[in-house]
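First comes the structure, then the notes that go with it.
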Amino acid sequence: MRTGVALKISKADIKKYFLYLLRWQCSTPILSVVIWALPLDSISEAVIANLIGGLIFFWIDRLIFKQVVVYVWWEKKQGRCVDCGKPGVTMRVIRAGRYNKEADQNPEYRCRECADKKLREVLQKV
Ligand SMILES: [Zn+2]
């Protein structure tokens, strides 16, 4: 019997991971300069270097790990999906970030699967 945990990592997470590794490398020059410039013991030099690094990299880390929250407003009704034709509960995205279809004259309603696909397209643009 095979057991395991599937680890799902998105492309965005991989990008963040490499940015974070690159950011860590940027702390090396600070450490080197502090060790070279200050005539202190190595623990004190490391503390000062980490303090300087923390003051700088707090802001950079914040940019790397910035989360964007997009609120999505849906409208549901009984009908037929415009994409696949499946009857039943259909829905449409009214608003998601800058995407705004509140005044849409010909709203398009989709089944759950097609609506999820459409939402992914919309979220790429917001
Ligand atoms: Zn559909």
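If Phe58 satisfies every condition in (1) of a type outside the set (A, V, I, L, M); (2) out of contact with any Lys or Arg (no Cβ under 7 Å at 6 or more places or on another chain); (3) more than 29 Å from Asp13 (Cβ to Cβ) but one, which is the exception?
(3)
Say we look at the stretch 29-45 and pick out the residues that are in a helix (DSSP H, G or I) and in contact with a helix residue (DSSP H, G or I) (Cβ under 7 Å, 6 or more places away or on another chain); which of these is surrounded by the most Cβ atoms within 10 Å (Cβ to Cβ)?
Looking at residues that are in a helix (DSSP H, G or I) and in contact with a helix residue (DSSP H, G or I) (Cβ under 7 Å, 6 or more places away or on another chain), I get Val34.
Quick check on my filter: what residues within the stretch 105-126 are free of Cβ contacts under 8 Å to residues at least 12 places away in the same chain, more than 16 Å from the ligand (Cβ to nearest atom) and surrounded by 11 or more Cβ atoms within 10 Å (Cβ to Cβ)?
None - no residue of the stretch 105-126 is free of Cβ contacts under 8 Å to residues at least 12 places away in the same chain, more than 16 Å from the ligand (Cβ to nearest atom) and surrounded by 11 or more Cβ atoms within 10 Å (Cβ to Cβ), so the list stays empty.
So, in the stretch 81-104, of the ones that are near the ligand (Cβ under 9 Å from one of its atoms) and surrounded by 14 or more Cβ atoms within 10 Å (Cβ to Cβ), which residue ends up farthest from Val68 (Cα to Cα)?
Lys86
Values in this text are rule-based calculations from the coordinates and carry no lab data. Since the model is a prediction, treat every value here as computed from it, not as a measurement. Glycine gets a Cβ as well: all are built from the backbone with ideal geometry, and neighbour counts include every protein chain shown.
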